[in-house]
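Here is the structure we will look at.
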Amino acid sequence: MKTYVVGVGMTRFEKPETREWQYWDMAREAGTGALADAGISYADVEQVPVGYCFQPSTAGQRAAYELGLTGVPVYNVNNNCATGSSALMLARQFVEGGISDCVLALGFEKMKKGSLGGGADTGDFKTSPVARHYGVMAARHGVEATPPTAQIFGDAAREHMEKYGTTEGQLAAVGAKNHRHSAHNPYAQFQDVWSVEEILAARVVHRPLTKLQCSPTSDGAAAAVVVSERFVERHELGEKAVEIVAQAMTTDTEESFASGSCIDVVGQPMSREAARRVYERSGLGIEDVDVIELHDCFSVNELLTYEALGMCGEGESGKLVESGATTYGGKWVVNPSGGLISKGHPLGATGIAQVAELTWQLRGEAGVRQVAGARVGLAHNIGLGGAAVVTLLRAASG
């Protein structure tokens, strides 16, 4: 059964403690926006998967109750940085499987200031859910007194530079592109434009990554209404509908750990396999995609994902971003929203916010950010521990 996104909503992503709001306030704003966008009421919603990482159990209910007290099932979803896309995947499965005709995927996060510990900030690798991942890092690179998540991705960047000749300037070019894109996004946490030189001169978080190449902690929420084809027809939502053509989630396999490389342990093999499954199921390839929202938690992960999605050959991603192929006027526009680096990264909301941006793009509603003629979009969301979700979307008339 075909599935469609017919309504999306999100808050502006904010620096923690900037606004006087609670997670349920964020959820109400995003959820109300998505329902209004679809032109339906909460009474039409049959199930609600809710994603978040840092709030207590049943926070999903507390958030969803702001939209109505209809007694519908609410599922609390936590899958690290892939939480939002995991909630969206549940929504799609409910609809695709014929269980429900209308499901609301909701994601939010209220975070603390400062860097994420990544489950390894105490150095207690034995009890952390990501113990195996950080163990690979420690065995190859040792452990430094830098934020753990930046450390493991920064070490992946070092490996890529050593193996393929990738330069610090190419890594910084990712940050420069995404900051430039976010200047036109009213939902983005940051809207400042920085040059490659300014990004390289910023404070080093974990060499070679500087602050302007790292996603920030953020508060915010996003929501998407996922429905069946019959719901689209019944409610005359054809002009709003964006088809979820294919979607896949993968988790770590032996390949993630066998090489002892941080490139593999931070998720490139998972991303590659999720993309392969989506291309196979949809009959489409990366050459058919116009616009991409991918998980640039750090600049290096955008480069690793170019390779995983098949946008270039192994080790060629630095040259790809440097060539201009992934911005306006290039072969693809990657992260027109500003991506995680500049739009922000409230973990539970990120994956759904990616789909919100792509929905606007495929409807032709993205304003100054609009990618001309966009018909097919791809979202990529990944979390250490691990999970990778790739979602392929198409304008309903495409």
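Here is how the numbers come out for the structure above:
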| read-out | value |
| --- | --- |
| Segment 312-353, subset in a loop (DSSP other than H, G, I, E, B), farther than 30 Å from Pro49 by Cα and of a type in the set (Ser, Thr, Tyr), residue most open to solvent (accessible area, probe 1.4 Å) | Tyr328 |
| Pick from segment 51-80, criterion aliphatic (A, V, I, L, M), open to solvent by less than 50 Å² (accessible area, probe 1.4 Å) and part of a loop (DSSP other than H, G, I, E, B), ranking: nearest to Leu35 (Cα to Cα) | Leu67 |
| Close pairs (6 angstrom Cβ cut-off, 6 or more residues apart or separate chains): within 18 Å of Phe257 (Cβ to Cβ) in segment 267-279, assigned to a helix (DSSP H, G or I) anywhere | Gln268/Leu304; Gln268/Ala308; Pro269/Glu255; Pro269/Ser256; Ser271/Thr305; Ser271/Ala308; Arg272/Ala308 |
| Thr18 hydroxyl-bearing (Ser, Thr, Tyr), surrounded by fewer than 17 Cβ atoms within 10 Å (Cβ to Cβ) and either part of a strand (DSSP E or B) or modelled with pLDDT of 95 or more (or both) | no |
| Flag if Leu171 is part of a helix (DSSP H, G or I), touching a helix residue (DSSP H, G or I) at 6+ places or on another chain (Cβ under 6 Å) and open to solvent by 30 Å² or more (accessible area, probe 1.4 Å) | no |
| Subset of segment 128-155 [open to solvent by 50 Å² or more (accessible area, probe 1.4 Å) and part of a loop (DSSP other than H, G, I, E, B)] | Pro129, Val143, Glu144, Ala145 |
| Filter result (within 20 Å of Ala34 (Cα to Cα) and without any contact (Cβ under 8 Å) to a residue 60 or more places away in the chain) within segment 332-369 | Gly364, Glu365, Ala366 |
| Selected residue (only one of Ala356, Ala372, Ala379 is outside any strand (DSSP E or B) and either within 29 Å of Asn79 (Cα to Cα) or open to solvent by less than 30 Å² (accessible area, probe 1.4 Å) (or both)) | Ala356 |
| Residues of segment 218-256 classified as charged (D, E, K, R) and within 16 Å of the chain's Cα centre (by Cα), total | 1 |
| Residue in segment 9-24 that is touching a strand residue (DSSP E or B) at 6+ places or on another chain (Cβ under 8 Å), over 12 Å from Ala105 (Cα atoms) and polar (S, T, N, Q) present | yes |
| Listing of strands (runs of 3 or more DSSP E) fully contained in segment 183-292 that carry 1 or more residues being open to solvent by 70 Å² or more (accessible area, probe 1.4 Å) | 204-206 |
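The values are calculated or read from the model by the stated rules, or taken from the named source; none is laboratory data. Keep in mind it's a predicted model, so treat the numbers as computed, not measured. Methodologically, a virtual Cβ is constructed for each residue, glycine included, from the backbone with ideal geometry; neighbour enumeration extends over all protein chains shown. Ligands, DNA and RNA are stripped out before the accessible areas are found, and what is left, the full protein with its side chains, is counted by its heavy atoms. Shrake-Rupley method; radii C 1.70, N 1.55, O 1.52, S 1.80 Å.
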